[in-house]
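Right, one structure below, let's go through it.
The values are calculated or read from the model by the stated rules, or taken from the named source; none is laboratory data. Predicted, not measured: the structure shown is a model, and the values here were computed from it. Neighbour counts run over all protein chains shown; Cβ positions are idealised from the backbone, glycine included. Each accessible area value is taken on the protein alone, full model and side chains, heavy atoms only, with ligands, DNA and RNA left out. Shrake-Rupley method; radii C 1.70, N 1.55, O 1.52, S 1.80 Å.
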Amino acid sequence: MLNIFYLLFALAWSLSCQAQALTQPSAPINFSLMTIPVYIEENKTGPMYEAHQEIIEALSATFESAINTTISPPLRAQQNFIAGRAQALMPDFCDANVGVPNLHSVPFARVIRYILTPPNSPSISDYAALKGKKVGLVRGYAYDIEGKAGEGMELIWTTSQRQTVRMLNSGRLDAIVANLEEVAQIVKSEGGPMPSVDISHPVLDRSLCYVFHDNQLGRHLALEVSRQIIELRRQGKLAAYIGQNHIPDFHPGQAEVR
């Protein structure tokens, strides 16, 4: 009789644990976003953040889980992802190597960068012409002139694009490498002069994606985020949000592991 009692008690306890597991909410999914002046501001404004909001609102229903978004300077945002404190990073170059096994969404935007020089100075369209000059770069952004490619230049790392523009316009830098639209908006908001630039010669043109860890959750997120990006593109919302920087076409393929 006692054995039956213990058996019934164990069964009831097991069923209770299962019921609690089923009703317990899933762990939050954390997205780490980089601040990009104009497009993603730290106060959760900007057209790229608005597009992101549409995407995560759709995701929350699919995953039945709270979805949190943290916006940080580029280097910190990337470190949060690498350390596993976030399951997704946005935006990053689709072909970037973030240092951990990862996969990415379909491309949703392009980043086009130019060499900008102080206002009313001669423009520069070639990296080779930067030898011997002080060049401002935002820490956490990826550049083609890091490492050996930047030898002969004095690379000055800053915490934000606003800082690089201010340093350029005040004469503390000889050049910066930046997105022209981003710089134009910063200059407009601060009332300063526009740096010199050769708009016919960008030095970089690469696609942007969401990046995820290479695990079961990451693969599921990559597929669902890609689905939402494609839907925003189909509805014309992606173009409305980020203008000429959106990617208008898509060639289907499986999530890529890097």
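A few remarks follow.
- Length-normalised contact order for the stretch 113-216 - Cα pairs under 8 Å, 6+ apart - percent: 43
- Put TYR39, TYR241 in order of accessible area, highest first, and with a 1.4 Å probe you get TYR241, TYR39.
- Angle between the chain longest axis and helix 47-63 axis [Cα atoms, degrees, rounded to 10]: 10
- The stretch 49-150: C-alpha gyration tensor shape, a/c 1.5 cut-off, then a/b vs b/c: prolate
- Where both bridge residues fall in the chain, DSSP classifies roughly 55% of the beta bridges as antiparallel.
- Working from Cα pairs under 8 Å separated by at least six residues, relative contact order for the chain is 26 percent.
- Accessible surface for ILE186 stands near 0 Å², nearest 10, in the context of the full protein assembly shown (1.4 Å probe).
- Residues in the stretch 80-97 carry Karplus couplings, in order, of 4, 5, 4, 6, x, 6, 9, 8, 8, 10, 8, x, 9, 4, 5, 9, 6, 10 Hz; the curve used is 6.51 cos²θ - 1.76 cosθ + 1.60 with θ = phi - 60°, and Gly or Pro positions show x.
- Neighbour-limited loop hits for GluC sites (Glu not before Pro), the stretch 54-136 (at most 11 other Cβ within 10 Å; DSSP other than H, G, I, E, B): GLU64
- Neighbour net charge for THR62 - beta-carbon separation under 14 angstrom, K R +1, D E -1: -3
- The chain - percent of accessible surface contributed by carbon and sulfur, probe 1.4 Å: 54
- The solvent-accessible area of ASP249, taken with every protein chain present and a 1.4 Å probe, is close to 90 Å².
- Cα-based helix-to-principal-axis angle, 216-234 vs the chain, degrees rounded to 10: 60
- Modelled FRET efficiency - R0 25 Å, VAL100 with ALA58, Cβ distances, 0.05 increments: 0.45
- Protein-only accessible surface order, largest first, of MET90, MET167 at 1.4 Å: MET167, MET90
- Counting heavy atoms of the protein chains alone, THR70 has an accessible area of about 70 Å² for a 1.4 Å probe.
- Over 22 Å [Cα-Cα, the chain], rounded percent: 60
- The angle between the Cα long axis of helix 2-23 and the main principal axis of the chain comes to about 30°, on a 0 to 90 degree scale.
- Amide H contacts of THR35: SER72, each under 5 Å away and 5 or more positions distant or on a separate chain (H built 1.01 Å from N in the peptide plane; Pro and chain starts excluded).
- Accessible area per residue, Å², the chain with all protein chains present, probe 1.4 Å: 52
- DSSP-loop trypsin sites (Lys or Arg not before Pro) across the stretch 76-123, with at most 11 other Cβ within 10 angstrom: ARG85
- The value of relative contact order for the stretch 97-161, using C-alpha pairs under 8 Å at least six residues apart, is 27 percent.
- Ordering GLN78, LEU208, LEU180 by Cα displacement along the dipole of the chain toward the positive end leaves GLN78 in first place; charges were set at the Cβ atoms of Lys, Arg (+1) and Asp, Glu (-1).
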